[in-house]
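The next block holds one structure in the form of structure tokens; read it before the comments.
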Amino acid sequence: VVIPLSIYLEAKFFDENKELVKMQHEQSIQYNAIISNARDRVATILSEANSKNIRLDRETFRTRFTSTNSDTDFIRFWQQELDSRKGAIEFSTWKRHNSSLAKFIEFRSCLPFDMLSPAVIDEYEKFLRKKKNNINTISAAMKNFKAYINRAIRQGMEIKNPFIHYKIKMAQGRITFLSLE
């Protein structure tokens, strides 16, 4: 199946061995992110089909790849929920949630609800550690991730909560408050 990604450039800027845009191109980072997200989406679709013994034909694959339905994709749901809450929550809270969403999108660009699992949480935590986030930063990202899973559950999405047996870790802060003495 050929899937157009709407990336247009001269052939001299494309590395066929690595299947990526060469760094000499001014938009190489953006284009390579699009390619990477598409690969992640393909891997997610294939993994889901394999785990559920679903036979993918070309049309089914293409439909799943191009779907942006928030009823099936957790990330789309998170984006829509965050957008809808923009005026209802403090701006600083909205910014933190948006930052957490951006980190999660960097981790996975597509995540069907039925693929949510404790394994995804563990992978995400490893991803954040690899990015050199400290324990409290990881904790904040996990709290926001968990909050939107809980919002989905409250809205009637039939998903099993992957955070049931997961404990969000926190480190003691190093701030010492001054006293009168």
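The values are calculated or read from the model by the stated rules, or taken from the named source; none is laboratory data. Please read all numbers here as calculations on a predicted model, not as lab measurements. As a convention, Cβ positions derive from the backbone with ideal geometry for all residues, glycine included, and neighbour counts pool all protein chains shown. Heavy atoms of the whole protein, side chains included, go into the accessibility calculation; ligands, DNA and RNA do not. Shrake-Rupley method; radii C 1.70, N 1.55, O 1.52, S 1.80 Å.
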Inset, instruction - Using semi-axes √(5λ) of the Cα gyration tensor in Å as the read-out, say which of (i) 33, 23, 16; (ii) 37, 18, 15; (iii) 26, 21, 20 was calculated from these coordinates. - result: (i)
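Enter the accessible area per residue of the chain (Å², integer; probe 1.4 Å; all protein chains in place). Write out the running numbers ahead of the final one.
On the way: 12410 Å² over 181 residues.
Solvent-accessible surface per residue comes out at 69 Å².
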Inset, instruction - Enumerate the amide H contacts of residue 14 below 5 Å, restricted to partners 5 or more residues apart or on another chain; note that Pro and chain-start residues carry no placed amide H. - result: 22
Legend entry - Acute angle (nearest 10 degrees) that the helix 28-51 long axis makes with the longest principal axis of the chain, alpha-carbon atoms: 90
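What's the longest uninterrupted piece of the chain once you rule out the chymotrypsin sites (Phe, Trp or Tyr not before Pro) that are loop residues per DSSP with at most 11 other Cβ within 10 Å?
Numbers: sites that count: 8, 177.
The answer is 9-176.
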Inset, instruction - DSSP loop (so not H, G, I, E, B), at most 16 other Cβ within 10 Å: list which GluC sites (Glu not before Pro) in segment 59-131 pass both filters. - result: 90
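Can you tell me the length gained on complete extension of the stretch residue 29 to residue 15, counting 0.36 nm per residue apart and subtracting the Cα distance? Walk me through the numbers before you get to the answer.
On the way: separation 14, 0.36 × 14 = 5.04 nm, distance 1.36 nm.
Result: 3.7 nm gained on full extension.
For segment 69-107, which trypsin sites (Lys or Arg not before Pro) pass both filters: DSSP loop (anything but H, G, I, E, B) and at most 14 other C-beta atoms within 10 Å? Could the numbers behind the result be given before it?
Details: sites: 76, 85, 86, 95, 96, 103; in loops: 85, 86.
Taking segment 69-107 and a limit of 14 other Cβ atoms within 10 Å, the loop trypsin sites (Lys or Arg not before Pro) found are 85, 86.
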Legend entry - Subset of 18/86; 95/130; 22/146; 131/167 violating a 30 Å alpha-carbon distance limit: 18/86; 22/146
Inset, instruction - Just the number, please: carbon plus sulfur as a percent of the accessible area of the chain, 1.4 Å probe, no ligands or DNA/RNA counted. - result: 51
Legend entry - Gain upon complete extension [residue 164, residue 36; 0.36 nm per residue less C-alpha separation]: 43.0 nm
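Hand me the trypsin sites (Lys or Arg not before Pro) from segment 8-49 located in a DSSP loop with no more than 15 other Cβ atoms within 10 Å, in residue order please.
Answer in residue order: 18, 22.
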Legend entry - Gaussian network model of the chain, Cα within-10 Å springs - most flexible of 32, 150, 53: 53
